[in-house]
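Colleague: Sending over a structure as structure tokens; questions will come in a sec.
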Amino acid sequence: MAEFCMPSLGADMKAATLIEWKVKPGDFIKRGDIIAVVEADKGIIEIEVFEEGVVDKIIVPEGKNVPVGTVLAIISSMKEPSETKEEKIVEGQVIEKKETALKLEPEKVLVQEKPVPPLPEVLEGKKHFKVSPLARKLAEELNIDVSTIQGSGADGIINRADVEKAAKERELKKKIPVTEKAKMPKEVEYQAGMRRAIAAAMSRSNRDIPHYYLETRIDMTRALQWLEAENQKRSIKERLLPAVLLLKAVARALKDVPGLNGYWIDERHQMKDEIHIGFAISLRQGGLVVPAIHNVDKKSIDELMAAMSDLIARTRAGRLRSSEMTDATVTVTSLGDLGVETVYGVIYPPQVALVGFGRISEMPWAENGMLGIRRILSATLAADHRATDGNRGAQFLGSMKRYLQEVSML
Amino acid sequence: MNGKTRETVKTTYRDAIREAIREAMRRDERVFLMGEDVGRYGGCFAVSKGLLEEFGPERIRDTPLSESTFVGAGIGAALGGMRPIVEIMTVNFSLLAADQILNTAATYLHMSGGLFNVPLVIRMATGGGKQLAAQHSHSLEGWYAHIPGIKVLTPATLEDARGMLWTALADPDPVLIFENSTLYNREGELSVDAGAVDIDHARICRQGNDITIITYGASLYKVLDAADILEKSGISAEVIDLRTLRPLDDAAYLSSVAKTHRALIVDEGWRSGSISAEVSARIMEGVFYELDCPVERICTAEVPMPYASHLEQAALPQTETIVTTVKRMVRKNG
Amino acid sequence: MNKQETTQKETDKISREHALHLLYQMLLIRRFEDKSAELYSAMKIRGFLHLYNGEEAVAVGVMQSLKPEDAIVATYREHGQALARGISAGAIMAEMYGKQEGCSRGRGGSMHLFDAKTRFYGGNAIVGCGLPVAVGLALADKMQGKKNVTCCLFGDGAVAEGEFHESLNLAALWKLPVLFFCENNLYAMGTALRYSHSVADLSKKAESYAVASASVDGMDILAVESAAKEAVEYVRGGKGPYFLEFRTYRFRAHSMFDPQLYRTKEEVEEWKKRDPIDTFAHRLIKQGLINDENIKELEMKVEKEVNDAVAFAEAGTWEPVEDLTRFVYSERKRT
């Protein structure tokens, strides 16, 4: 018996709408299967399951918005058919269990999604929202996500006035983009949600994380030459982007300097063995998503390129996997395409580092007493001073620089 | 209530009840009054003063201090074709007759399979506030309202003091009327042709939009005072006088709460297992999704009533408490 | 005013027809009660079941003097009184079955038999609670100028209740036409009279309220009939209430689940020698009024009546559950 719950897909996700069930009761499912599609502030996300068994009961129907941690379905393991039956008969027990599960959610999430640390804000987000019955009903009628509302009642209870206020605010927001995107109010709504999510994470980062910044310039001439030569041999479809080299270099450098790969949780620095790089992808309609590319250090250049292409395509289509939304151990932001010289990033909590890449531009460059024109990349590190110091950060940048200057090492 | 005429007369709650008894005695010869000190003494609260002279000892019957038996005799007389009004001096002594009220009056119709109804009216004084201490200050009307088979009336206004009795006498089943003893001296204008009133419905005594305050009996006046004060703070309270605690007029307060989205119940009974608990539960059952904040209650503190005035007043629901509670609930100036 | 036990002199004058009537009624009660015990064991009857065996002479004797307009208020051991009053055995049995054809529609059961036609006001199962009701019924009759009497039956246990004292006092005070008929079977459930009463002569308690009183052998049907008749005449004459103690004995247990630890088998056997039915039958035979054949005929008639009652109960129907909350308040309007 297991409960399939609305996963937490980010520190700031508090609720999501279940869009589609990919399974029905009686279906056999195995670990890793995509069994549901949900729509969170950040977009539409496919949810995978971490259990093996049979879908026993669908609890949350399609179209319903539920808080993180809500039991979406009951999955019975193959070994316990009798217990499943009992659960079916005794309705009350199921409900009771559900409540217990809700209370124990933090652990629950840990068990379900091993790689995801218990983010402090995730814990907060899992609290039952205190919403007056009237406000709850009203919010449902007005299609307002109560998790986005700040309660003004005693103990922060969300009351009717709060919902009405939120509805009014939404109306105002709607009116602005209506002229441009009259037919896309829903998307506007996502964006507003995403904006709020980013706002929450970034505010928290800025509030809690003492950043330090290091910058270095890297001569990318040889690396790019190698890349161009490599691409000559390839079909257009198989061509490599410079970003692949950057990601690979970051992964390698993190292997050398592991302190920057990991989390700061509960006043403790937790280094991670796996290197999952969150790769910031800006969306055409605005906003930003940072899905993770898993185990970058273990992927070949080609594998990495394939993973990246797939990820960008799926991100823009709004079809990311839940683990991709939560697993990143470090973030890479590359804004060179937009002409930015240098990136001073804001760390995505609870990560402890963000690597920023600016534009690669031709510059006069002195090397071994010789002046020449080189293609130079500005690379920065924003790091959490609670987890590491500048010395370690410098080691990292130095290591990364070496890899990019000696492509053969990649 | 009746609105028959605008002509009114100044009277008291006590006189209104006496007038109701007098009218009933005149209208129906089956009606008689019996109880402790109702005749020669004129009634402990002077309600029946003068009635012995007018109707004689056959119909205004002084009884021995035998609550169980004169209540039981009231049941028997009702079964035998009479329309007795039994006066129990105060609710405190009604406990000596609780067996007859609960085990006989309330059960006869049912355990006889509908054969024998008991058209009995029992009146009694109730409530605290007069420094009568722990054995003479109970408010057990909510407790009696627990019992199926009887009806429980709590007249708060002159109209109801005047009008509920006749309707109760016309009822085929046992009716208990609880008269809060602090109300007997209450003065007011009453229509000269005031008469029988409905006993099936609660009454909205004051219209409002921000909160519904549900009460009954003497607390009504504290609630109305509070509503006046709240109005000055911009809070509009709807005040409901339940009037009848059994059967409760659910529709009246549920529809009001559905309008105001907040409910406060003021009950002179003890909080645990009280009529306020019942009303609160029914609000949850009936209009849960209309509530914008938890239902709250102001009840008498759960102590036997102390003698000292300041302690007694602290134990009873008070206007100031109602005001601050409502402000907190509505969260204006709270 | 305490009248000593009535002699048997007058009994010689009894007519054969009346003798057979009394005997039949007692036999009917006895057989009905035995059948009830059987049906209880077979789980046809549930709840409490208090049987009347041994006390038949009281109910039968008392009812002879009452008119149809008079009221009866009885206790939870009231099958005998109900049968003697004329409520049909079928309606009583159906009541105990819980069927809607029962005299209380199955809402009352064994302890709460009611009948409007015979003014049978229960079936009151809180010891002593019937006395005030009887006082009130008598008050109503008196105030309405009716010449009815109210016959209130209760046990020796009720005499210890406050309501007994309050009721005798009030009835005497207001000179109400109430017959306080005490069936003294010596046990308040399992506690013997001597452990309950400081004054074991119960009629003395009535005397203290200036209530006319007498004691009579409750095992002698003719003595009961005669004493009751005298009491009824007194009360109907407007002289106020009357207290009559019937010294009787319960042959069966208090209720069905009672191991009777409080009395000896010998005591029960001793009392059974005074069985009101046997002694009366023997007396009638001895007097030549009836013979064994007549008794057999009566017994067959009784057997049939009881069997018919059981058949009636068996054929009865259950009240629909949808009607559960009926009879909490009257269905008729205010008048």
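The values are calculated or read from the model by the stated rules, or taken from the named source; none is laboratory data. The structure displayed is predicted, hence computed values, not measured ones. Here the Cβ positions follow ideal geometry from the backbone for every residue, glycine too, while neighbour counts run over all protein chains shown.
Colleague: How many residues are among the polar types (S, T, N, Q), modelled with pLDDT of 80 or more and not in a helix (DSSP H, G or I) if we restrict to segment A:143-187?
Modeller: Going through segment A:143-187 one residue at a time, the tally reaches 4.
Colleague: Here's another thing I want to ask about it. Give all pairs with beta carbons closer than 7 Å in which a residue from segment C:317-333 that is more than 11 Å from chain B (Cβ to nearest Cβ) meets a residue that is modelled with pLDDT of 95 or more; count only pairs at least 6 apart in sequence or on separate chains.
Modeller: These pairs meet every condition: C:T317/C:K99; C:T317/C:Q100; C:T317/C:E101; C:W318/C:K99; C:W318/C:Q100.
Colleague: Continuing with the same structure: Go through segment C:139-153 and report how many residues are touching a residue at least 12 places away in the same chain (Cβ under 8 Å) and either of a type in the set (D, E) or more than 7 Å from chain B (Cβ to nearest Cβ) (or both).
Modeller: 10
Colleague: Another question, if that's okay. Among what's in segment C:164-200 and is under 21 Å from the mean Cα position of the chain (by Cα) and free of Cβ contacts under 8 Å to residues at least 40 places away in the same chain, pick the residue that is surrounded by the most Cβ atoms within 10 Å (Cβ to Cβ).
Modeller: The selected residue is C:S167.
Colleague: Within segment B:125-136, identify whether any single residue is in contact with a strand residue (DSSP E or B) (Cβ under 9 Å, 6 or more places away or on another chain) and within 14 Å of another protein chain (Cβ to nearest Cβ), and answer yes or no.
Modeller: Within segment B:125-136, none of the residues are in contact with a strand residue (DSSP E or B) (Cβ under 9 Å, 6 or more places away or on another chain) and within 14 Å of another protein chain (Cβ to nearest Cβ).
Colleague: Which residues, taken from segment C:60-79, are of a type in the set (A, V, I, L, M) and assigned to a loop (DSSP other than H, G, I, E, B)?
Modeller: Listed by number, the list holds a single entry, C:L66.
Colleague: In segment C:265-292, what residues are more than 25 Å from the chain's Cα centre (by Cα) and free of Cβ contacts under 8 Å to residues at least 40 places away in the same chain?
Modeller: C:E266, C:I285, C:K286, C:G288, C:N291, C:D292
Colleague: Scan segment A:24-36 and give yes if some residue there is more than 19 Å from the chain's Cα centre (by Cα) and of a type in the set (D, E), otherwise no.
Modeller: Yes, the conditions are met somewhere in segment A:24-36.
Colleague: Does B:R61 meet the test of being under 23 Å from B:S181 (Cα atoms), of a type in the set (K, R) and under 20 Å from the mean Cα position of the chain (by Cα)?
Modeller: no
Colleague: I need the full set of residues from segment C:7-20 which are at pLDDT 90 or above and under 20 Å from C:V216 (Cβ atoms), in order please.
Modeller: C:H18, C:A19
Colleague: Looking only at residues in segment A:339-387 that are of a type in the set (D, E) and in a strand (DSSP E or B), which one is nearest to A:V296 (Cα to Cα)? Before you say what the answer is, go through the steps one by one.
Modeller: Quick first cut of segment A:339-387, residues of a type in the set (D, E) only: A:341, A:362, A:367, A:384.
Filter once more, keeping what is in a strand (DSSP E or B): A:362, A:367, A:384.
Values: A:E362: 29, A:E367: 31, A:D384: 22 Å.
Residue satisfying both the conditions and the ranking: A:D384.
Colleague: Further, regarding this structure: Go through B:V197, B:V152 for me and flag whichever is within 14 Å of chain C (Cβ to nearest Cβ), in contact (Cβ under 8 Å) with a residue 60 or more places away in the chain, more than 30 Å from C:F114 (Cα to Cα) and of a type in the set (A, V, I, L, M, F, W, C).
Modeller: B:V197
Colleague: A further question on this structure: Just one of the numbered conditions (1) closer than 25 Å to C:S88 by Cβ; (2) surrounded by fewer than 18 Cβ atoms within 10 Å (Cβ to Cβ) is not true of C:A309; which one?
Modeller: That leaves (2) as the condition not met.
Colleague: Which members of segment C:95-105 meet the condition of being farther than 12 Å from C:R46 by Cα and either buried (at least 24 other Cβ atoms within 10 Å of the Cβ) or facing chain B (nearest Cβ under 7 Å) (or both)?
Modeller: Residues satisfying the conditions are C:G102, C:C103, C:S104, C:R105.
Colleague: If you don't mind, there's one more thing I want to ask. Can you tell me which of B:I240, B:I265, B:I214 is crowded, with 24+ Cβ neighbours inside 10 Å, in contact (Cβ under 8 Å) with a residue 60 or more places away in the chain and more than 14 Å from chain A (Cβ to nearest Cβ)?
Modeller: Selected residue: B:I214, the only one of B:I240, B:I265, B:I214 that is crowded, with 24+ Cβ neighbours inside 10 Å, in contact (Cβ under 8 Å) with a residue 60 or more places away in the chain and more than 14 Å from chain A (Cβ to nearest Cβ).
Colleague: What strands (runs of 3 or more DSSP E) lie completely within segment B:1-110 and have 3 or more residues being without any contact (Cβ under 8 Å) to a residue 60 or more places away in the chain and away from chain C (no Cβ under 12 Å)?
Modeller: Working: elements: B:8-12, B:31-35, B:60-62, B:83-90.
The strands (runs of 3 or more DSSP E) meeting that bar are B:83-90.
Colleague: Is it true that C:P276 is over 30 Å from C:S15 (Cβ atoms), buried (at least 17 other Cβ atoms within 10 Å of the Cβ), modelled with pLDDT of 95 or more and of a type outside the set (F, W, Y)? I'd like the intermediate steps shown before the answer.
Modeller: Details: over 30 Å from C:S15 (Cβ atoms): no; buried (at least 17 other Cβ atoms within 10 Å of the Cβ): yes; modelled with pLDDT of 95 or more: yes; of a type outside the set (F, W, Y): yes.
No: the conditions fail for C:P276.
Colleague: How do the pairs read when you match residues in segment A:395-410 that are part of a helix (DSSP H, G or I) with residues anywhere that are surrounded by 19 or more Cβ atoms within 10 Å (Cβ to Cβ) and aromatic (F, W, Y), using Cβ under 7 Å and keeping only pairs 6 or more apart or on different chains?
Modeller: So the pair list comes out as A:M409/A:Y403.
Colleague: Let me ask you something else. Based on this model, can you work out whether C:A158 counts as assigned to a helix (DSSP H, G or I), closer than 18 Å to C:Y121 by Cβ and either free of Cβ contacts under 8 Å to residues at least 12 places away in the same chain or within 13 Å of chain B (Cβ to nearest Cβ) (or both)?
Modeller: Taking the combined requirement at face value, the residue satisfies it.
Colleague: Please state which of the following conditions B:P304 fails to meet, knowing it meets all the rest: (1) surrounded by fewer than 16 Cβ atoms within 10 Å (Cβ to Cβ); (2) touching a helix residue (DSSP H, G or I) at 6+ places or on another chain (Cβ under 9 Å).
Modeller: (2)
Colleague: Further, regarding this structure: When you go through B:S137, B:S219 one by one, which is the residue that is in the same structural domain as B:E268 (by TED's automatic domain parsing), among the hydroxyl-bearing types (S, T, Y) and within 15 Å of the chain's Cα centre (by Cα)?
Modeller: Exactly one residue qualifies, and that residue is B:S219.
Colleague: What is the residue count in segment B:276-319 for residues that are over 25 Å from A:N159 (Cβ atoms) and either of a type in the set (G, A, S) or part of a helix (DSSP H, G or I) (or both)?
Modeller: 11
Colleague: Another question, if that's okay. Show the residue pairs that are 6+ apart or on different chains and have beta-carbon atoms under 9 Å apart, the first residue being within segment C:31-56 and outside any loop (DSSP other than H, G, I, E, B) and surrounded by fewer than 23 Cβ atoms within 10 Å (Cβ to Cβ), the second being modelled with pLDDT under 90 and among the hydrophobic types (A, V, I, L, M, F, W, C).
Modeller: Note: pairs meeting the criteria are C:A37/C:M256; C:Y40/C:M256; C:S41/C:M256.
Colleague: Just to check your reading of the model, which residue among B:L153, B:L248, B:L224, B:L190 is surrounded by fewer than 24 Cβ atoms within 10 Å (Cβ to Cβ) and closer than 23 Å to B:R26 by Cβ? Let's see the steps before the verdict.
Modeller: Details: B:L153 fails: surrounded by fewer than 24 Cβ atoms within 10 Å (Cβ to Cβ); B:L248 fails: closer than 23 Å to B:R26 by Cβ; B:L224 fails: closer than 23 Å to B:R26 by Cβ.
The conditions single out B:L190.
Colleague: Looking for something part of a loop (DSSP other than H, G, I, E, B), touching a residue at least 40 places away in the same chain (Cβ under 8 Å), more than 20 Å from the chain's Cα centre (by Cα) and within 20 Å of C:A74 (Cα to Cα) - is there at least one such residue anywhere in segment B:115-124?
Modeller: Kept after step one, since they are part of a loop (DSSP other than H, G, I, E, B), are these residues of segment B:115-124: B:115-120.
Now drop any that are not touching a residue at least 40 places away in the same chain (Cβ under 8 Å), which leaves B:117-120.
With more than 20 Å from the chain's Cα centre (by Cα) added as a condition, the list becomes B:117-118.
Cutting the leftovers down to within 20 Å of C:A74 (Cα to Cα) gives us B:117-118.
Yes, the conditions are met somewhere in segment B:115-124.
Colleague: Can you pull out every residue in segment B:236-255 that is in a strand (DSSP E or B) and either farther than 16 Å from B:V266 by Cβ or not aliphatic (A, V, I, L, M) (or both)? Write out each step before concluding.
Modeller: First pass over segment B:236-255, keeping only residues in a strand (DSSP E or B): B:237-241, B:244-246.
Correct list: B:E238, B:D241, B:T244, B:R246.
Colleague: Looking at C:G130, C:G122, C:G108, which one is closer than 24 Å to C:K67 by Cβ and either at the interface with chain B (Cβ under 7 Å from one of its Cβ atoms) or at pLDDT below 95 (or both)?
Modeller: Working: C:G130 fails: either at the interface with chain B (Cβ under 7 Å from one of its Cβ atoms) or at pLDDT below 95 (or both); C:G108 fails: closer than 24 Å to C:K67 by Cβ.
From the options C:G130, C:G122, C:G108, the qualifying one is C:G122.
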